[in-house]
Amino acid sequence: MKIIVLVKYVPDIEVGYRFKPDGRLDRSGEGLLNQLDEYPLEAARRLVSQVDAAADSTVTALTVGPDEAEEAIRRALQMGADRGVHICDQAIAGSDALGTSLVLAAAINQLGGADLILCGASSADSATSLIPVQLAARLQIPALTGAASLAVNGAQVTACRLTDNAMIESRTPLPALVSLTDQAEQPTYPSAKAVMLARRKPVEVYDLADLGLAPSSVGCDAARVKVLGVEPAIRRVGGRLVDASSDDAVAALVALLRDNALIPVGGGA
Amino acid sequence: MNWFGLVGLTVTAVGWTCLALRVGGFVHLFRAGPAELPGSRRGQPWRRTAAMLHEFLAHRRLSRKPLVAVAHWLTMMSFLVLVATLAQATGQLFNPRFELPWLGHWLIYNWLTELLAWAGLGGIVVLVAVRLWAGRARLGPASRFFGSHQWRARYVEATILAVVILVLWLRGIESVLAGPAGWARFATTAWIGRLYPPDLSDAVLAAWVSTLALAKILVSYAWMVVVSLTPTMGVAWHRFLAFPNLWTGRDPNGRPALGGLEALVVDGRVVDLEDPALDESVLERLGAGWTADLTWRDRLALATCTECGRCQEVCPVWQCVTATLSGPAASDTAVPPATAAVATSAAAPGGPAASDTAAPLATAAPASTTLSPKLLVSALRDHVFGSEPEPSPLVGGDSKWAITPEVLWACTTCGACTAACPVGVEHVDQIIELRRHQVLVAADFPAGLGTTFRNLERRSNPWGMLPRQRLDWAKGLSFEPPVLGQTIESLDQVDYLFWVGCAGAFDERGQTTARALAELLHQSGVSFAVLGEQAACCGDPARRTGNEALFAALASANADYLNQAGAKRIIVTCAHCRNTLANEYSQFGGHYQVIHHTELLADLINQGRLVPRNLGDGIVQVTYQDPCYLARHNRQSAAPRRLLGSIPGLRLTEMAQSGDRTNCCGGGGGRMWWEDSGPRLGQRRFEQAAMTGADMLATACPFCHIMLADAAATAGSDLPVRDLAELVLAAVSPSGQMAEV
Amino acid sequence: MGQILVLLDDPAADPARLILGGSLGQVIGLRLPAGPLVDDSLAPSAGSVGDDWLAPPAGEYCLDPQVLIRPGVVAQALAQAVNQYQAVAVLLPAGLFGAEVGALLALELGSAVVTDVTAISAELVATKPIMAGTAISEVSLTGPTAIFTVRYAATSSSVTAGSTNGTDMAGSAELPGAGPASVTELPLDHSSNVTELPLDRPARPAAQVEIISVKPNKLASGRPGLDQASIIISAGRGTGGDLRPVELLADALGAAVGASRAAVDAGWADPSLQVGQTGKTVNPELYIAAGISGAIQHQAGMRGAKLIVAINQDPDAPIFEIADLGIVGDLAEILPATAAALRREGTMKGPCHGYNR
C-alpha cells in the first residue's frame, strides 16, 4: 500500500512568531511539525505494520514550504515515514489554500499517486481545514474528513467521525483521502533508533518546474486572499476577574457562553 | 575396596563432575553476555579486594538485622572451615581412624572445627527460625520471603543443619576411638562419645564412623548435585558467587550502586546517539530488551541473588501495596487495583517459576503487577537460565517470565533495594537498562511519558512551560537577582550560581522555596547569579525513564553553557538536580561543586551569618522527610538535621524510616510525570509523617514537597509541608511567621 | 450591493448570522433540506443502517449525516445558487463542515474562502483570529464571490456592539467598517428570506462515500468523553466531594466532566476523568475549572483550551492567572444558578454544534 502523509511546518505559537511587513508569517522562526499531523503519521505507521510485510508498503511524507520545513519532514521520518518529499520554491510563498492544494495535487501526481492520502484535520497556524477537501477534489478521489479512527480493509477505507453526540462510521473505496483529528490514536514518541535511522532516509526536494507548474499559478499574486494586516490579539493572561459577592458572576458566565456560541440549541436539558 | 568406599567415591565423583560442569556452564553463560565499560568492573583491583573482604568479614549491609548478621556470619564461616571435614569423612570411609595429614593433629584446627561446628549449628538454627517466623504464611506479601523459593532455602538449611550435626556426632565417636590421648582435640564433643555404652567394641564404633561419614558425604554431594542442576538456586550459589559479584560492583569502594547512573553502553563502548555513523545493529541493542543484552555482570548478579527479600521489604512500592493488603489500613483510601492483582495471584497456586512446592507464594512473581525488586530479579534470572525455543523480550511479551510494564514503570529509582542488597545486586541500574530499551528501541512506554518527553524536547522542562516564564519565580523578591547573560556576563563575578531548576522556576511550591533561598542568600551577603531563559532541565526525568538520547541532549547543552559561563560552585534546591549535576555531568565534561541548599544554609547558620530565632505559629515539633536522592543516593542527611537543630525551640521527631533508609515520596524515577492506577506512595509516606504527631513536615526537595503536600491536601490534613529554606527564612525573620504559599 | 447567501445549518434559522449578512447586502437564507439525502440505492445495503440511525434528541437539531460527509453536494448546490442569485458573498457556519463546503465552493467558483471570521466589513474585509487565537488578521478577498465561514460569536458581539459597546472577551471583536447602526436596525422576515437549498443526488466521487452506521456517542453517564467534548467542566478539591453542581451545569451545556488529581486522589472522581500532567491533556473550546486551584500539573493538561473559566473561593489561586474569566465565589451557588439561567435562555437558538467540531 502506498500512503502519502501531508505534513506542515508551523511556527511554535506559544514560544512566539513574527509577521513580515506584508502581513505574511515569517516562517524562519522557531517551528515544528504541526501537532495534528502527528496523528496521520501514527495512523500510517500502524497501517503499514498491519499490512503483510511482503505487500511492499511505503509511507511518504509530503510538505510544501520553505527550507525550514525540512524539519517537519525529518520529524515525520522519525515517526515512521520511509521517504520525504519537500516542495520548495520561492514562488509558492504566500499561496492561499487554492494555490497550496494545486501544488500538492501536482506533487502527488508526480509521485504517481497514492492508495491513501492522510493528513491532519487542520493546522495550528491558519487552521482553515480547507486543503484536505480541495486536494481530494483536485485529485478526484473521495475524502473522509475529521476522522477519529480509520481502518483499511482490502480496497476500502473505513473512518469514524465523532461528534458531540454521534459516531458516524463511513467507508469509501481506495484511493481516498482521510483527514484525522486528535481523537485518533495517540502518536508514539519516536525511539532513539527511529530518530537515528530517520537521518539516513532520503528527502527529495522539488520546485515548481519539476512539477510542471507555472510560478504565476500559485503564490502571492495568484492568491485570492490578501492579508491586509495582522495584530496581536488581547493576551489571555490576566483575564477578567469577577467577585461573586459583589458582581453578577452568573451573568458574566452566561454572557461568555453566549458570546462564544457555546450554549446548545434549546438551552440544554 | 569396601562398599562404603565405593558408594562414597562414586557420589564424590558425581558431585564434583556436576559442579565442574555447572561452573563451566556459568562461565560460558557469563562470558556470552556483552561486555561492560572497560575498567568499570575491574579497575582498582586492590580497593575492590579490600571492599569485598570488608563486606565479607564485617557484614556491613547485613548488619541492618543484627541477629541475622551474626547467625549468617557464623554459618558462613563454618561452611568455609568445615569443608575440610568432607575430606576427613572421605578418608573415614576407608579407615575409620583416618585423620587429615598435618592438619588433623593440629590442635588449633581441631578447636576451630569444634567451635565453628557449634557456632554453625547455632547460626543455622537461628536462620531456620528466622525464615520460619519472617516467612510465616500469615504475613502474606508483607513477608520479605513472599515469592521466594522457600523450599529451596529450606533444603539448603537442612543440608547445613545435617552437616554440622554429623560433624559434631562424628567427632564425638572419633574422640572415643582416639582414646584419652585425644581429649584435648575433642574438647567440646567428647561428651557425645560418652553417650555411647563404654563397652562397645572398636569395630562397632568404626562402623558407626563409616556410616556417619557416608551419610555426611551423601548429604554434601547430594547438595552439590542438586545445586549444580539448579543454577537458579541463588540461595545456595551465593556462597560462591557473592564474592565475584561484590568484587565487580559498580563502585570500587564497595558502596551500593547509587547516585549517578552509568552512560549508555553497548559491547563495552559508550554509545553516542548523536553520532551519525552509529551502526544499525547497535541501535537494536540499546539498553536491555532481550536476554542477549544482559551483560556478564548482570548475569552474575542475577545468579547471585539469594531471594532474601531485603530489597522487597524496603521497596516503597511493595510496602505501599502490602500495607494496604495486610493489617488494618491506616488510611481510608481505596485499595489500588494492583493490590487486588497481588492478592489474587498469591492465592492461585501453581505457577511458572515454581520448580519446587513453595508454590502459592512464588507464583505471584513474574505474573504480578506490583513491583518487587526481588521478583524482578528472579524473573530476569529465569530468562537467563531458562530455555525457551525462541528468545522472548524481557519486558512485556508472552514469555512466562516477562516483566510487566506495570512493574517496570512503577519504580521510583529511590535506591532502597540496592542499598539493602547484601550481595551487591544493582537493581536500579538494571531497571534503567530495561527502561532504556523500552524507550530507545521499542518505543513502548506509558503514554504520559510521551508528553513529558515532548515538553523536554520543545520547552526544555517537563511541564512544557515557556522559557520566558523561567524568571517568574523571582517576582516579589525584595531585590533583583543578577541574571547571567542579562545583568552579568560571567559567573566569575559571583560566588555561586543558583540553579533554580524547573520546579523552582515553575511550580508554585518550588517557587516559594526558590524565593526563600534567594532572600536568605541575599540577607547573608552571599553573592550569586541565576540563569535566565537559557536554563533547561538538568535531564533527570529523561535519564531515569531511560530516554538517554534526550538526557544527553539536555546535559551536553547545559554542561557547555555552564562551562562557557564559568560555573564552578552551583547551589541547588532539588535533590535530583543535585545528583545529576554533581554525579552525571562529568560524562559531558561538566565538573562542578554542587551544593544542596540545606548544606549551605547550615554552614551560613554555623558561621553566624544567619541567626535563626523561634518559629512562630506554635511550631515546636518538626519531622523531616529525607529526599532519597539526597540522603540515600548522595549520603547527605546530616546538614538538614544540623539546620533544624539550630532553630531554637524546635524539636525533630524522626519517622521510623529516615536518613539513608528514608521512604520514597513517590516522585522519583520520572514518576512525578505520569500516573496510573498504581499505589500512591506519597499518601503512605504522608501518613507516616502525620503519625509522628509533628506540627510540620519539612523536606528539602521539590518533588517530595509536591508529592507530600498533595497527599496532605488529599488526606484533608492541615499538617503543613514546607521546605527547610522556608523554615529558615521564617526563623530569621522578626515575626517568625512563615510566608503564605 | 449584491445578494448575500447565508447557509443555515439549522432549520430554525439563525437570526444573528442573517443580521451580519444584512450589513453587507440583501440576504437570502438557505436552509438545508431536512429529509434524507440518499435513497436506498446509495445506502450500503438495505437494512444495515436502519436500526443504528440516531434520532436526534428532542429539541436538538443535527445535520443529516449523509450531508455532513458530503460537503461537495452542498457546494454544488450553492454554486448554482450563486449563479442564480448573482451573489457577491456566501456565509457559511464556522466549523469543519462549513469550511469544507466553502473549500469546495471556492474550487467550483474560482473564489477564495476565509474561515472562522469574527467580523466582516461592508467592503468585505474579514477579521479572523489566527495562530491559535493569539493574533487577529484582516483579509480581503478577490474573485467573483467572497466565501466566509462565520463564528457565531462575531455576530453576537456585533449585535450588542451598539448597546453595550462590546465586550473584551477573547474570540469576539468589534465590527470594523460597518457601523453598529447599520447592523442593529436590519429587520428580517425569516419566512420570506429563507428558502430551501435544493440538493442534487451526490455525484462521483462523493457517491462513493457511504455511511455504515451512526451511533449515539456518549459515555455511560450520558456525557461526552473528555477527548471529544467542546466543553469540559472539571471538579477539584474545592467541590468538597460534591460533584452535583458540576454535573448539573455539564448536563445543561452538554459538556464532559473532568477532575483534578486532588479530586481523583480523594476518590470523588474516576481516574479516567483526570485532567493534567499525569492525566489527560485536553483542548476543548471551553474549560471550566470548578474549585481547582490550578497547580502547574493541572495547567499542563488544560491550558490548550480556547477559553478558560475558573471558579474558586481563593482570589489568589494560580488558575486565575490563565483564566479568561475568573469568578471568586462559591461554585455550589454559581454553577446551579448558571444552569438555571441557561434553562431560562432555552428559547434562544444557536448553531448546532453536533457535527461541527
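The values are calculated or read from the model by the stated rules, or taken from the named source; none is laboratory data. Fair warning: this is a prediction, and the values are worked out from it, not measured in the lab. With ideal geometry, Cβ positions are generated from the backbone for all residues, glycine too; neighbour counts draw on all protein chains shown.
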**Report entry** Boolean, C:L78 is under 21 Å from the mean Cα position of the chain (by Cα), at pLDDT 70 or above and away from chain A (no Cβ under 11 Å)
**Finding:** no
Query raised in the report: In this structure, is A:C119 buried (at least 21 other Cβ atoms within 10 Å of the Cβ) and farther than 20 Å from C:A103 by Cβ?
Result: no
Query - Flag for B:S175 being among the hydroxyl-bearing types (S, T, Y) and either part of a helix (DSSP H, G or I) or modelled with pLDDT of 95 or more (or both) - result: yes
**Report entry** Neighbours by Cβ (under 9 Å, 6+ apart or cross-chain): first from region B:461-480, more than 10 Å from chain C (Cβ to nearest Cβ) and touching a residue at least 40 places away in the same chain (Cβ under 8 Å); second hydroxyl-bearing (S, T, Y) and part of a helix (DSSP H, G or I)
**Finding:** B:W473/B:T512
Requested in this report: Consider A:T60 carefully, then state whether it is at pLDDT 95 or above and under 15 Å from the mean Cα position of the chain (by Cα).
Outcome: yes
Report summary line: Scanning region A:51-68 residue by residue, those assigned to a helix (DSSP H, G or I) and either buried (at least 23 other Cβ atoms within 10 Å of the Cβ) or free of Cβ contacts under 8 Å to residues at least 40 places away in the same chain (or both) turn out to be A:A53, A:A54, A:D67
Query raised in the report: Restricting to region B:582-613, what's the tally of residues that are under 14 Å from B:G645 (Cα atoms) and among the β-branched types (V, I, T)?
Result: 3
Report task. Determine which single condition B:D603 fails, assuming it passes every other condition in (1) over 29 Å from A:M196 (Cα atoms); (2) surrounded by 19 or more Cβ atoms within 10 Å (Cβ to Cβ); (3) of a type in the set (D, E). Result -> (2)
Requested in this report: Please tell me if A:Y189 is of a type in the set (F, W, Y) and in contact with a Phe, Trp or Tyr (Cβ under 6 Å, 6 or more places away or on another chain).
Outcome: yes
Report task. Look at region B:579-624 and say how many of its residues are in a loop (DSSP other than H, G, I, E, B), over 22 Å from B:A698 (Cβ atoms) and touching a Leu at 6+ places or on another chain (Cβ under 9 Å). Result -> 3
Report summary line: All-but-one check, B:E654 against (1) surrounded by fewer than 20 Cβ atoms within 10 Å (Cβ to Cβ); (2) over 22 Å from B:G501 (Cβ atoms); (3) in contact (Cβ under 8 Å) with a residue 40 or more places away in the chain, failing number (3)
Report task. May I ask you to verify whether B:T12 is assigned to a helix (DSSP H, G or I), farther than 30 Å from B:V265 by Cβ and β-branched (V, I, T)? Result -> yes
Report task. Answer with yes or no whether B:A20 is in the same structural domain as B:V209 (by TED's automatic domain parsing), part of a helix (DSSP H, G or I) and crowded, with 16+ Cβ neighbours inside 10 Å. Result -> no
Report task. Just give me the residues in region B:638-687 being basic (K, R), under 23 Å from the mean Cα position of the chain (by Cα) and outside any loop (DSSP other than H, G, I, E, B), in sequence order. Result -> B:R661, B:R684, B:R685
Query raised in the report: Restricting attention to region B:534-543, does a residue exist that is outside the structural domain of B:P640 (by TED's automatic domain parsing), hydrophobic (A, V, I, L, M, F, W, C), touching an Asp or Glu at 6+ places or on another chain (Cβ under 8 Å) and surrounded by 24 or more Cβ atoms within 10 Å (Cβ to Cβ)?
Result: yes
Report summary line: The lone condition B:T49 fails out of (1) β-branched (V, I, T); (2) under 30 Å from B:L170 (Cβ atoms); (3) within 22 Å of the chain's Cα centre (by Cα) is (2)
**Report entry** The listed residue being within 30 Å of C:A317 (Cα to Cα), at pLDDT 95 or above and among the acidic types (D, E), out of B:D507, B:D540, B:D560
**Finding:** B:D540
Requested in this report: Can you confirm whether region C:219-231 contains a residue that is more than 9 Å from every other protein chain (Cβ to nearest Cβ) and modelled with pLDDT of 75 or more?
Outcome: yes
Query raised in the report: What number of residues within region C:260-272 satisfy the criterion of being at pLDDT below 85 and either closer than 26 Å to A:V250 by Cα or facing chain B (nearest Cβ under 9 Å) (or both)?
Result: 7
Query raised in the report: Considering only region B:442-460, how many residues are free of Cβ contacts under 8 Å to residues at least 40 places away in the same chain and not in a helix (DSSP H, G or I)?
Result: 1
Query raised in the report: Before we move on, is A:T163 buried (at least 21 other Cβ atoms within 10 Å of the Cβ) and at the interface with another protein chain (Cβ under 8 Å from one of its Cβ atoms)?
Result: yes
**Report entry** Within region C:318-335, considering residues that are at the interface with chain A (Cβ under 7 Å from one of its Cβ atoms) and hydrophobic (A, V, I, L, M, F, W, C), the one surrounded by the fewest Cβ atoms within 10 Å (Cβ to Cβ)
**Finding:** C:I322
Report task. Take region B:95-117 and flag every residue that is hydrophobic (A, V, I, L, M, F, W, C), within 29 Å of B:W3 (Cα to Cα) and modelled with pLDDT of 90 or more. Result -> B:A117
Query - Residues within region B:544-561 that are in contact with a helix residue (DSSP H, G or I) (Cβ under 7 Å, 6 or more places away or on another chain) and surrounded by fewer than 24 Cβ atoms within 10 Å (Cβ to Cβ), tallied - result: 2
Query raised in the report: Taking the stated definitions as given, is A:A106 part of a helix (DSSP H, G or I) and under 24 Å from A:Q186 (Cβ atoms)?
Result: no
Query raised in the report: What number of residues within region A:237-254 are at pLDDT 75 or above and at the interface with chain C (Cβ under 7 Å from one of its Cβ atoms)?
Result: 11
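Within region B:354-386, how many residues are β-branched (V, I, T), closer than 11 Å to B:V407 by Cβ and modelled with pLDDT under 80? Walk me through how you get there before you give the answer.
Filtering region B:354-386 for residues β-branched (V, I, T) gives B:357, B:363, B:369-370, B:377, B:384.
Filter once more, so that each one left must be closer than 11 Å to B:V407 by Cβ: B:369-370.
From what is left, the residues that are modelled with pLDDT under 80 are B:369.
Selection size over region B:354-386: 1.
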Query raised in the report: Among the residues of region B:179-198, which ones are in contact (Cβ under 8 Å) with a residue 24 or more places away in the chain and not hydroxyl-bearing (S, T, Y)?
Result: B:A184, B:R185, B:F186, B:A187, B:I192
